[in-house]
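The structure under discussion appears below in the form of structure tokens.
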Amino acid sequence: MKKTLILAVAAFCTLTAAQAQKTYAKIVYKAEPVVTNEVTITVDNAVSTDKETKFKLKIKNLTADYIIFKPEESKFVINGKEMKPEEKWLVISPNEDDWRVINMKGTGLNSTTSYSYVIDGLYKISSNTKGIETPDYRLPVTKNDFRTGNFTVSLNKLYKESDATNLKLNVTYNGDKIGFVFPDKAGVKMPDGNEYACVKSSGVFAKSSALLLTKGKGDTFTLNWDRMQGGKAMDMQKVEMFVKWNDTFAEVAPEHLKVETVQMTINEALSK
């Protein structure tokens with residue numbers, strides 16, 4: 001009887017070890033969403049092959065502020081070993097969502113049936129951040145570039161006709177914090193004395209969301225206005241216009257949010 005029991009235990013241990021080392025052509029994972037007061041985090045299409053593990057990380061911003069995600073501050077914890085991804089930063093506008101594919105190279109990852117992804121690098125920036133006071137910018141332009149605080153701005157392209165005005169600008173940040181550019185906060189002062197908010201971009205001028213810049217980095221943004229009522233007195237091709245920057249350019253120190261963890265577990269039915 002005792003011998004039979006020993007053999008049974010040995011067989012069980014052998015089976016367990018074999019299962020633990022089982023490899024798949026591709027492992028498909030499942031993971032529960034993470035919900036906090038600031039964000040909802042979901043994982044889609046999480047898979048591992050021999051050489052890599054990857055997934056689509058979607059972050060929904062539940063606040064009226066901006067959320068930043070720095071992937072290089074997050075980490076995979078696989079069989080006790082920590083590895084950090086190297087993806088681009090993600091900036092999520094108030095009450096919107098965005099995603100980033102997180103990818104990690106390695107070997108033998110198709111034998112990893114479960115692991116943790118630790119989401120550090122989440123930050124919040126107030127949408128009411130006070131901007132840098134910046135002089136008005138005259139259209140048609142009298143100079144192509146200017147400085148405001150630690151930002152350098154230069155004209156890239158200008159379309160100024162009766163039907164629309166589109167202004168495309170290059171911006172570089174040289175400060176030691178984080179530079180934010182909020183194009184949607186800019187307006188234009190017209191001859192009637194009123195200020196008009198810019199409109200959402202479309203087509204070739206489609207880039208208008210907030211920009212995040214670290215020291216020495218640059219990007220482009222656009223400002224757009226459609227045809228205005230008022231006849232010749234408001235004909236944008238013929239009249240003088242002044243861009244009012246308001247709080248477009250700002251330097252900020254982000255608030256670090258709580259670290260969250262997503263647990264990946266194998267979906268046996270979908271794994272091969």
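The values are calculated or read from the model by the stated rules, or taken from the named source; none is laboratory data. This structure is a prediction, so every number in the text was calculated from the model and none was measured. Ideal geometry is used to build each Cβ from the backbone, glycine not excepted, and the neighbour counts take in all protein chains shown.
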Name the pairs whose Cβ atoms lie under 9 Å apart, with the first residue in the range 119-130 and part of a loop (DSSP other than H, G, I, E, B), the second among the hydroxyl-bearing types (S, T, Y), and 6 or more positions between them or separate chains? D120/S74; G121/S74; S126/Y66; S127/T63; S127/Y66; S127/S93; T129/Y66
Residue hits (the range 249-272; surrounded by 16 or more Cβ atoms within 10 Å (Cβ to Cβ), in a loop (DSSP other than H, G, I, E, B) and at pLDDT 95 or above) are L257
Determine whether the range 241-248 contains at least one residue that is modelled with pLDDT under 90 and assigned to a loop (DSSP other than H, G, I, E, B). no
Exactly one of these conditions fails for N37: (1) over 16 Å from G108 (Cα atoms); (2) modelled with pLDDT under 95. Give me its number. (2)
Quick one: A186 ticks every box in (1) free of Cβ contacts under 8 Å to residues at least 24 places away in the same chain; (2) surrounded by 19 or more Cβ atoms within 10 Å (Cβ to Cβ) bar one, so which box is it? (1)
Select from the range 216-240 the residues that are touching an Asp or Glu at 6+ places or on another chain (Cβ under 8 Å) and either assigned to a loop (DSSP other than H, G, I, E, B) or exposed (fewer than 13 other Cβ atoms within 10 Å of the Cβ) (or both) and list them in ascending order. D226, R227, G230, A233, M236, Q237
Per the filter on the range 114-139, residues surrounded by 19 or more Cβ atoms within 10 Å (Cβ to Cβ), farther than 18 Å from L223 by Cα and more than 22 Å from the chain's Cα centre (by Cα) are Y115
